[in-house]
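A short worksheet on the structure shown next.
Values quoted throughout were computed directly from the atomic coordinates according to the rules given, and no laboratory measurement underlies them. Since this is a predicted model, take the numbers as computed values, not measurements. Backbone-built Cβ (ideal geometry, glycine too); neighbour counts: all protein chains shown.
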Amino acid sequence: MNAAGGPAAGTRARDALLAGLIDYAGLFPPAARAMPVAVAEYAAHRAGPQRAMLGRFVVPAARLDEFAAALPTRAVAWPTSVLGGVADADAIARFAAAHGSRSVVDTIEAKAEDPAAIAALAAAFAARHTVYVELAVRDDPAPLVAALAAHGMRAKIRTGGVTLDAFPSPEAVLRFLVACARHGVPFKATAGLHHPLRGEHPLTYAPDAPRATMFGFLNVFLAAALLRAGAAPDAVAPLLEERDPSAIALTDDAITWRGHHLSRAALAEARATFAGSFGSCSFAEPVQDLTSLRML
């Protein structure tokens, strides 16, 4: 695994795409696991057959003490991403100093609405951590993506949630990906990406939960890889709405989608330098869906 969350070159095309792709966010809705349960689940996934797909454990800064109490006592050096802001910098530093043998905080996830807030985050964290900054995408995020580029930080997009209004349009997602590609800013995604392909799914695990049209993680990350490889945005746009698994073909050497070809090397490069990961409150669901589609 390299700094951006992707694999080294030389693996199969599928593995180049999937390695370290899923950051485990079991503490967050809709799963909202209790801390001991989330920690146990992450430990089990780290030892499971699809552990190569597993990325970081995601924890809010406000729950770091609780996380420390739940961590296994032996040294595990779990890769950890902390959600916080400038006000949490001291608490994150104290946690890292006290528990670095068990949890390596290499990533910070924060929010910013303007260049000044981005600059403040850079001053607080960028010298010691990889920093992903969540941007609102209903308006053109290109100016803020440019500000991230100037500070050597990364972008984050929220691709769903537990309410209908949390889901951006395909046009907004494409605009975000294009801005990141043009400015050379790596990104990650969060929420609403439990499934490989676009489709209708319940918003929560409640039996009577409303349903929404959700993006798939293959839609988003294959689109990102194509943009990184130089594909035109207009050519990539339909991929964000692809629902047919037969439109995607996997071999050891490449992944193709409706005539567009991504070599193993191109996928590895995109994951290493551009398309980082996505946060999901479930690791099992993406794995189960890929298995049912015979993609694992």
Give me the pairs: first residue in the stretch 100-121 and over 16 Å from Lys156 (Cβ atoms), second residue assigned to a strand (DSSP E or B), beta-carbon distance under 6 Å, and six or more apart or on different chains, which are they? Ser103/Trp78; Ser103/Thr80; Val104/Pro79; Val105/Thr80; Val105/Val82
Going through the stretch 80-101 in order, the residues found to be touching a helix residue (DSSP H, G or I) at 6+ places or on another chain (Cβ under 8 Å) and either surrounded by fewer than 18 Cβ atoms within 10 Å (Cβ to Cβ) or not in a strand (DSSP E or B) (or both) are Gly84, Gly85, Val86, Asp88, Ala89, Ala91, Ile92, Phe95, Ala98, His99
Within the stretch 42-52, does at least one residue satisfy the condition of being farther than 20 Å from Ala122 by Cα and among the hydroxyl-bearing types (Ser, Thr, Tyr)? yes
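So that you can scan it fast, the table gives a plain yes or no per residue for (1) outside any helix (DSSP H, G or I); (2) surrounded by fewer than 23 Cβ atoms within 10 Å (Cβ to Cβ):
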{"residue": "Gly161", "(1), (2)": "yes, yes"}
{"residue": "Pro168", "(1), (2)": "yes, yes"}
{"residue": "Glu171", "(1), (2)": "no, yes"}
{"residue": "Val178", "(1), (2)": "no, yes"}
{"residue": "Gly192", "(1), (2)": "yes, no"}
{"residue": "His201", "(1), (2)": "yes, yes"}
Tell me, yes or no, whether the stretch 253-262 has at least one residue that is closer than 25 Å to Ala155 by Cα and out of contact with any Pro (no Cβ under 7 Å at 6 or more places or on another chain). yes
Among (1) in contact (Cβ under 8 Å) with a residue 40 or more places away in the chain; (2) farther than 29 Å from Phe217 by Cβ, where does Arg94 come up short? (1)
Output the number of the condition that Thr213 fails; it satisfies all remaining conditions of (1) within 22 Å of Met295 (Cβ to Cβ); (2) crowded, with 22+ Cβ neighbours inside 10 Å. (2)
On the basis of being among the hydrophobic types (A, V, I, L, M, F, W, C) and out of contact with any Ser or Thr (no Cβ under 8 Å at 6 or more places or on another chain), does Leu193 make the cut? no
Across the stretch 193-213, the tally of residues that are within 15 Å of Ser280 (Cα to Cα), touching a helix residue (DSSP H, G or I) at 6+ places or on another chain (Cβ under 7 Å) and of a type outside the set (A, V, I, L, M) stands at 3
Could you tell me which residue of the stretch 117-152 is surrounded by the most Cβ atoms within 10 Å (Cβ to Cβ), considering only residues that are outside any loop (DSSP other than H, G, I, E, B) and not hydrophobic (A, V, I, L, M, F, W, C)? Tyr132
Which one of these does Asp114 not meet: (1) closer than 27 Å to Pro72 by Cα; (2) surrounded by fewer than 19 Cβ atoms within 10 Å (Cβ to Cβ)? (1)
